[in-house]
Amino acid sequence: MNRIKTVFLMTLMAVILMAIGGAIGGRSGVMVMFILATAMNFFSYWFSDSLVLRAYHAQQVDESHPLYQIVADLAQRAGLPMPQVYIIPTDMPNAFATGRSPSHAAVAATEGILEMLDEDEIRGVLAHEMSHVLHWDILISTIVASFASAISMIANIAQWAAIFGGGRSDDDNGGGNIITLLVTIIVAPLAASLVQLGISRTREYMADEEGGRMIDDPLALARALAKMDNYAHYGVLPGATKATAHMCIINPFSGTKSAMANLFSTHPPTEKRIERLQELDHELHG
């Protein structure tokens, strides 16, 4: 059911993008946005992993590193190919997974989790990320984030065009419909944000559950989330941007967001995640 929901929401995101094109340029605009959506999917598929690793200054590690050993064990447990493992040189505790498929994946964690978390908690964090790899969340989330960013950017351009007298050229009646355009540029970014939120939160909950089951210790992941969330309120992960924040296990901008902004965060409330993990532990161990 969650996979069906995700496919539906991703399709809806593409429809929103093409609807903006229709409001701005009629049938020609729809075709332009369809081509743009296809190009974005291609770019995200092939290049998103290398770009995000470079943005966080991630450094690849080999089997001599303790993170590598933990990831290797988890990969074997999950029946996954061994991903590349990276360390991010910062004290801020966080982690993410990236890559276009389980056979072309990378798991990255900051030096901060090695200093703040015990071994069981680190395993919980990395199991969460390996769950993202297992369910292809890393590709899905990147594509959805690209769509959301494009929709917001195009809607903003259209808004300024409308303010300064621009309108769409309608292939059928030759007239511009400024009301339709204004509604589109106001509603479309909000709808795109809600779709992205729905997909991201669903995948985070799934990764928490799968990660807890993978190590048979949901409470270790719950403790890790509590510690990292607390630390995130006192600083921002270096290199983090709004376009990549959804990838991290904990929202890297937690400390800079207002209560209203948190309602539209791509991450579920940490308290709710911990509550679900506690319920899972009770299910597994009574």
task: Output the residues belonging to the range 216-249 that are touching a helix residue (DSSP H, G or I) at 6+ places or on another chain (Cβ under 7 Å) and without any contact (Cβ under 8 Å) to a residue 24 or more places away in the chain.
output: His233, Tyr234
field: Cβ-Cβ under 9 Å pairs, at least 6 apart or on other chains, the range 187-205 side in contact (Cβ under 8 Å) with a residue 40 or more places away in the chain, far side among the basic types (Lys, Arg)
entry: Gly198/Lys5; Ile199/Lys5; Thr202/Lys5; Glu204/Arg273; Tyr205/Lys272; Tyr205/Arg273; Tyr205/Arg276
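Results for (1) part of a loop (DSSP other than H, G, I, E, B); (2) at pLDDT below 75; (3) more than 19 Å from Glu111 (Cβ to Cβ), shown as yes or no for each residue.
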residue	(1), (2), (3)
Pro238	yes, no, no
Thr241	yes, no, yes
His246	no, no, yes
Ile250	yes, no, no
Met260	no, yes, yes
Ser265	yes, no, yes
Pro268	yes, no, yes
Arg273	no, no, yes
Gln278	no, no, yes
query: In the range 89-104, what residues are without any contact (Cβ under 8 Å) to a residue 40 or more places away in the chain and touching an Asp or Glu at 6+ places or on another chain (Cβ under 9 Å)?
result: Pro89, Asp91
task: From the list Leu219, Leu225, pick out the single residue that is buried (at least 21 other Cβ atoms within 10 Å of the Cβ) and at pLDDT 75 or above.
output: Leu225
message: What's the number of the only condition in (1) within 18 Å of Ile249 (Cα to Cα); (2) part of a helix (DSSP H, G or I); (3) more than 17 Å from the chain's Cα centre (by Cα) that Arg77 fails to meet?
response: (1)
- prompt: Is it the case that Ala127 is under 15 Å from Glu210 (Cβ atoms), in a helix (DSSP H, G or I) and within 17 Å of the chain's Cα centre (by Cα)?
  reply: yes
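The values are calculated or read from the model by the stated rules, or taken from the named source; none is laboratory data. None of the values given here were measured: they were computed from a predicted structure. As a convention, Cβ positions derive from the backbone with ideal geometry for all residues, glycine included, and neighbour counts pool all protein chains shown.
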